[in-house]
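Following: one structure in structure tokens, then a few remarks.
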Amino acid sequence: QEVQDFARGLAPEVPWVDARAEVYVNLDNTCNAWFDGTLNFLRESDACRNTGRQADVIFHEWGHGFHDASLLAGAYDFSLGEGAADTLAMLKNRDSRIAPGFFFQGTDALRDTLNTRRYPDDYTPDQTYIHQNGLILGGSMWDVKEALQRTMGEDEAYATLARIFVRMLKGGPTLETAYAEALLADDVDGDLSNGTPNQCALVEGFGLHGLGPQGGQDVAPLHAVPESLTAEVLPLRVELPDPAPTCLELVAHSATLHWRVDDGPWQQIPMVLDGQEVRASLPVDDLAPGTLVSYWSELETSLGHTVSDPTGGPIRPHTLHVGGLLPIWCQDFEADDGDFRHSLVGGEDVDGADDWAWGTPIGLSGDPAGAASGSKAWGNDLGGGRFDGAYQNEKHNRLASPKLPTFHYDGVLLRYQRWLTVEDGFYDHATILADGVEVWSNHASGADVGDEHHLDDRWEPHTVPLRGQADDGEVKLAWELRTDQGFQAGGWTLDDVCLHAPDTPDNRLGMNDFTARRDADSTTVRLSWTMPHHDPVDEVVVVRKRGAWPTGPTDGDQVFRTTRITLEAPATAVDEEASGVDLYYAAYARDGRTWLSWTREGFNAASVDPRPPGEDPEGCGCATGSSSRSGLLALMLGLPLWHRRRRRPPARSAIGLTGSPP
């Protein structure tokens with residue numbers, strides 16, 4: 001009755017304070033008590049007193065029911081629950097000791113909230129250790145009270161802590177989120193940016209136990225990853241925001257940028273310190289366009305902590321493409337699911353085994369609490385209903401895109417928003433495939449390590465070169481997850497999936513749908529195509545050549561030229577002097593300095609009445625191709641023209657000719 005009356009004064013809205021608890025006493029065991037919806041106490045033994053006759057034990061077990069009934073969000077965390085039950089007993093008795101005299105021998109308490117246990121050093125993620133883990137919260141609560149008591153009287157300090165404590169429980173915190181929930185509980189105006197009335201006491205008390213900003217939590221560098229690495233985006237800037245500026249002075253004492261090209265060795269650059277910002281410039285002029293740069297920053301703070309951006313450092317570094325990018329295709333999954341399809345590749349087909357879903361993530365099991373943009377994304381088990389957001393053990397599942405057009409572009413790469421939580425790649429494998437070829441996989445350590453997990457804690461723009469798999473006009477992408485026994489996390493969540501190409505002259509100037517058609521019984525050939533999609537373009541010409549493909553804008557007779565260019569506009573031309581057979585046409589664009597350098601049938605080139613292989617060209621008045629070129633023409637006769645952009649073009653290795661125009 002005492003603890004019930006005490007708690008009613010703190011939180012009368014919690015139903016448990018007016019409920020009649022079901023209690024069992026003198027149960028046939030010793031030295032323990034528990035709460036399972038009912039209160040259960042054990043008989044006396046030679047070692048321990050009757051647990052139903054010890055006030056702190058009663059307060060503690062009743063406190064479990066109070067914690068459970070207080071939850072309005074989150075979930076019941078057992079480690080935090082033990083600390084919360086100890087805290088209620090501490091607040092009721094105004095004594096850091098929990099159950100002094102629990103044992104007949106000696107006067108030691110069963111536990112003590114006056115302690116030095118810290119997260120994560122003294123935390124063990126095992127149900128066997130929940131009472132020891134709970135001391136981290138109990139210690140934090142006691143030290144918050146001590147900090148409060150230095151600025152107010154003892155009565156007010158206990159009352160203030162009690163108010164924060166009961167409000168904190170409503171959010172369903174874990175040990176890791178306890179400081180954040182306590183801060184919310186202390187807030188009075190809905191604006192955490194201006195602090196809370198007792199933030200400094202919370203910072204100090206939680207910090208002594210490894211929680212909150214003073215304990216190294218919530219000290220998270222901020223960095224916006226650019227789309228690509230160019231001189232214009234340098235220097236790379238990392239901000240170190242101070243989560244409690246009225247209580248702490250948080251700055252970087254030193255900082256290092258770790259970076260590498262493709263899969264090369266890591267290199268280091270000292271970063272320039274400027275208050276709460278650090279910055280560094282990569283040698284972009286020395287890096288080859290089209291390469292991939294991975295990087296992460298490491299900061300030593302004035303609080304004595306080492307933090308990195310992104311968290312995990314080399315396990316999941318930021319990625320950047322060197323040089324500008326051209327957009328090809330994008331899908332944000334807002335209007336529909338993008339025609340992506342999912343399947344269970346391996347493992348027992350039980351409920352939820354094929355767990356890919358299109359919808360709104362809700363933040364379970366390490367998943368994001370929302371999409372990267374808009375409200376929809378794809379992911380493994382987005383949670384809701386009977387699903388908890390975590391992938392299943394011993395499963396292999398796949399999310400596959402439809403065939404995506406890549407047109408004429410070379411060096412195509414994938415760039416998308418990623419939120420991935422997965423076990424070390426030595427055990428669980430998250431992979432990306434392009435046309436069935438693996439182009440990315442999560443970090444894997446070794447059997448002697450095995451705990452270097454990939455745990456995204458924010459949406460990460462991820463750039464993945466497709467290694468030539470998309471350079472033939474189309475590509476099919478897939479995201480896979482293969483799991484073993486044991487560790488489970490949220491798996492993949494992905495959004496804003498895009499294809500890009502390096503900003504090269506050929507990628508800018510390329511064309512995709514050139515056609516040539518002769519009028520019936522006529523010497524007229526009608527030509528059509530679509531102008532390039534990207535600036536700058538200052539000239540387009542079409543040339544005709546007999547007997548072989550043109551290799552550039554001056555290799556043949558010019559039948560069309562214009563300097564009046566409208567990007568992506570349809571264009572036509574008529575060649576009225578197209579007598580004879582074996583005619584080959586190609587369109588070339590120029591950007592003011594450089595001409596398109598390639599000739600590809602179905603893209604910027606087409607033929608009319610090509611001569612059958614082996615036929616004697618006598619009397620045609622045209623040049624005869626070399627023997628190697630004749631072999632090439634033979635390959636082309638059975639290949640269809642690409643009249644529509646979404647059809648797969650012929651393989652470039654069979655028909656592509658390149659040349660350097662004058």
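Readers should treat all values here as calculations from the given coordinates under stated rules, not as data from a laboratory. These numbers come from a predicted model, not from an experiment. Note: ideal-geometry Cβ built from the backbone for every residue, glycine included; neighbour counts use all protein chains shown.
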- Among all the aspartates and glutamates, which ones have a C-alpha under 13 Å from K476's C-alpha, if same-chain residues fewer than 8 places away are not counted? D339, D435, E438
- Item | Within straight-line cross-link reach of K545, aspartates and glutamates at Cα separation under 13 Å, skipping those fewer than 8 residues along the same chain | D555, D557, D575, E577, D582, D609
- Would you calculate the separation in nanometres between label points at N194 and R564, each defined as 7 Å from the Cα along the Cα-to-beta-carbon direction? 6.2
- Item | For A75, net neighbour charge (Lys/Arg +1, Asp/Glu -1) across residues whose Cβ lies under 12 Å away | -3
- Message: What are the ³J(HN,Hα) couplings of the stretch 220-228, residue after residue, when phi is run through the Karplus curve with 6.51, -1.76, 1.60 and θ = phi - 60°? Round to Hz, x for glycine and proline.
- Response: 10, x, 10, 8, 8, 6, x, 5, 8
- Task: Could you please rank V307, V144, V574, V525, placing first whichever residue has the fewest other Cβ atoms within 10 Å of its Cβ?
- Result: V574, V307, V525, V144
- Message: Please report the spacing between the Cα centers of the stretch 191-238 and the stretch 526-552 in Å, no decimals.
- Response: 54
- Task: Could you order peptides 532-545, 327-340, 594-607 by the average number of other Cβ atoms within 10 Å of their residues, highest first?
- Result: 594-607, 532-545, 327-340
- Task: Show the residues, 5+ positions off or on another chain, whose built amide H is closer than 5 Å to the amide H of V25.
- Result: F41
- Item | Longest to shortest principal axis, alpha-carbon extents of the stretch 228-323, angstrom | 46, 27, 18
- Loop-located GluC sites (Glu not before Pro) in the stretch 161-254 whose Cβ has at most 12 other Cβ within 10 Å (DSSP): E249
- Note on the structure: Fewest to most Cβ atoms within 10 Å: Y123, Y588, Y416 sort as Y123, Y416, Y588
- Task: Find, among the trypsin sites (Lys or Arg not before Pro) in the stretch 24-115, those assigned to loop by DSSP (not H, G, I, E, B) with at most 11 other beta-carbon atoms within 10 angstrom.
- Result: R94
- Query: How far is helix 154-169 tilted, in degrees, relative to the longest principal axis of the Cα atoms in the chain, given as a value from 0 to 90 rounded to the nearest 10?
  - Reply: 40
- Query: Can you sort L248, L148 so the residue with the fewest Cβ neighbours within 10 Å comes first?
  - Reply: L248, L148
- On Cα atoms only, tilt of 627-636 relative to the major axis of the chain in degrees: 60
- Task: For a quick protection proxy, order the peptides 515-524, 552-561 by their average other-Cβ count within 10 Å, most packed first.
- Result: 552-561, 515-524
- Message: Show me, for the stretch 341-351, the HN-Hα J-couplings you get by feeding each phi into the Karplus relation (A = 6.51, B = -1.76, C = 1.60, θ = phi - 60°), rounded to Hz, glycine and proline as x.
- Response: 10, 10, 7, 8, 8, x, x, 5, 7, 9, 4
- Item | Efficiency of FRET between L273 and D484 - r from beta-carbon atoms, R0 51 angstrom, step 0.05 | 0.70
- Query: So what are the ³J(HN,Hα) numbers for the stretch 406-418, from phi and the Karplus equation (6.51, -1.76, 1.60; θ = phi - 60°), rounded to whole Hz, Gly and Pro as x?
  - Reply: 10, 6, 8, 6, 9, x, 4, 9, 9, 9, 8, 8, 10
- Query: Taking the Cα centre of the stretch 2-215 as the origin, how large is its charge dipole in debye, to the nearest 20, when only Lys and Arg (+1) and Asp and Glu (-1) carry charge on their Cβ atoms?
  - Reply: 260
- Environment charge of A357, counting only residues whose C-beta is closer than 10 Å and scoring Lys/Arg +1, Asp/Glu -1: -4
- Task: Return one number: the angle in degrees, 0 to 90 and rounded to the nearest 10, between the long axis of the Cα atoms of helix 78-93 and the longest principal axis of the Cα atoms of the chain.
- Result: 30
- Segment K403-D18, extension gain: residue separation times 0.36 nm, minus the distance between their alpha carbons: 132.4 nm
- Query: Given the pairs K170/K395; K92/K145; K170/K376, which span a C-alpha to C-alpha distance of over 24 angstrom in this model?
  - Reply: K170/K395; K170/K376
- Within a Cβ distance under 13 Å of W266, other residues only, what is the Lys/Arg minus Asp/Glu net charge? -2
